[in-house]
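First the structure, in the form of structure tokens, and then the observations on it.
The values are calculated or read from the model by the stated rules, or taken from the named source; none is laboratory data. Worth saying up front: this structure is predicted, and the values here are computed from it rather than measured. No Cβ is skipped: glycine too gets one built from the backbone with ideal geometry, and neighbour counts run over all protein chains shown. Surface accessibility is based on the protein's heavy atoms, side chains included, excluding ligands, DNA and RNA. Shrake-Rupley method; radii C 1.70, N 1.55, O 1.52, S 1.80 Å.
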Amino acid sequence: MHPDTPQSRPITFLTWFGSAVLVFTVLILVGQAASAMADNISYVGSDGNVWRISPDGAKKQQLTSDAAPDDRYVTPSQKNDGTVVAIRRVKSSGSAFAYFLRPSDGQMTNSWLLPKTGAGSFSPFNGGVISPDGGMMAYDWHYFDCWTNPCTLNQKVSFIAGPGTTNPCLINCHTYYIRPRWIPGTAYAGMVDTDFRRIWVQKANSAEPTAWLGFSDPNAGDMVSFDVSTTGRSVIEVTPEDGNVSDFMFFDNNGTPPAGEPSIRCSIGAVADAPAYPRFSPDGTKVTWQGNDGVYVADMPTQTGGSACSLNGKLIAPGGQEPSWGPASLPQDPDPDPDPDPDPDPDPGHGRDHGRRRGRRTAHGRGRRRARSACRARRGRATRPGTRGSSRSRCAHARSTAA
């Protein structure tokens, strides 16, 4: 399994729904890396609510209390000032809002609609991420409409810069992409294509993202998610073809994406069931991810040269999902409320449940299986001729967090 870069594999030009000019009203810059002692990890608890925790697990803070396991928040990301922005879908609706939560007490200070179009569409598809300065939200969503024959189905990444926006493509939107991540030090985002073959990154003077890191072998595996650190490194989450257990591959970027030719540092197999969402700490020295039994933290692997990695993973939030690092510190006094999640014996490994599989992945596990069944029923129906919307692309909703 050897990812290739644009320099080593020619990229075929793709036809898209339209050409949108990259317009950004704010400049998203990642500030200087915070001290490792003054950061925190936000995540979704097993109760569906948003929590923050210190990287060592010693301090914990509950930010919301109005959710439930079947009506949960998703992908809580953070601004540099500690504000947590979490997404929640409106019940019995395909619409969702991004809620801005004050870090001191969890009070909602703002909410942005995540717009979509199409009679059968919904947002988000997986989730979204706020820019470090808080001026822009990138999110993915599922488009479905039958104004054409056959019906059209795909996934898109869109950007909003405030409340009240109803047009998902007012700033920009990219079709056949999911799971955006901001590229540190730039105003642009990277994203995974719905073939799960490559990471693509926006750049200046280009209407569409540019190919960056990917596989030349179509059977090499699926790129499920990724993250880019402030220190010039990346982590790619990869699953075997038609598999469900993720490997982590760490790279030196050798340039700011999409520039440079990444070189692999090391890799580690069978970390956790997908998606594990590996995320770097603000200073790039640690990594967190969603293990089978909760949120884990480990030091950044030191191995290089393409060797095998080792992760000294520590379970800090049993039952937690979708972790995201932020540079702000937690309040001095820990939250006195009891932990709503049971505390199983920490896994001394790196997040795999080596015993029986736990059944807690309501959004990611069962939803993925249901979506795959629906995908098989829809194959060959919904796509636009002349695009890269193969049955694999059209059925990327099998990876959705939505049931």
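Average accessible surface for segment 51-95: 39 Å² per residue, computed with a 1.4 Å probe over protein heavy atoms with every protein chain in place.
Diffusion coefficient of segment 66-134 by Stokes-Einstein, Kirkwood radius over Cα pairs, 10 °C, 1.306 mPa s: 127 µm²/s. Kirkwood radius for segment 237-315, taken over all pairs of different Cα atoms as the inverse mean of 1/r, rounds to 13.1 Å. At full extension, THR148 and SER93 could sit 17.5 nm farther apart than now, given 0.36 nm per residue minus the alpha carbon distance.
Amide H contacts for VAL295 (H built 1.01 Å from N in the peptide plane; partners 5 or more residues away or on another chain; cut-off under 5 Å): ILE316, ALA317, GLY319, GLY320. Each label was represented as a point 7 Å from its Cα along the Cα-to-Cβ direction; for ASN110 and ALA204 these points are 2.6 nm apart. Sorted largest first, the principal axis extents computed over the alpha-carbon atoms of segment 189-322 equal 44, 33, 27 Å. In this calculation the C-beta distance from THR231 to ASN167 is compared with R0 = 30 Å, giving a FRET efficiency of 0.25.
When a 1.4 Å probe is rolled over the protein heavy atoms, the share of accessible surface on segment 151-284 that falls to carbon and sulfur comes to 48 percent. Sites listed here are chymotrypsin sites (Phe, Trp or Tyr not before Pro) in segment 119-177 whose DSSP assignment is loop and whose Cβ has at most 13 other Cβ atoms within 10 Å: TRP147.
Counting heavy atoms of the protein chains alone, MET108 has an accessible area of about 90 Å² for a 1.4 Å probe. Shown here: segment 126-255, whose C-alpha atoms stretch 39, 39, 27 Å along the first, second and third principal axes, sorted largest to smallest.
Counting only protein heavy atoms and using a 1.4 Å probe, the accessible area of GLU261 comes to about 100 Å². Comparing Cα centroids, segment 228-257 and segment 99-143 end up 25 angstrom apart.
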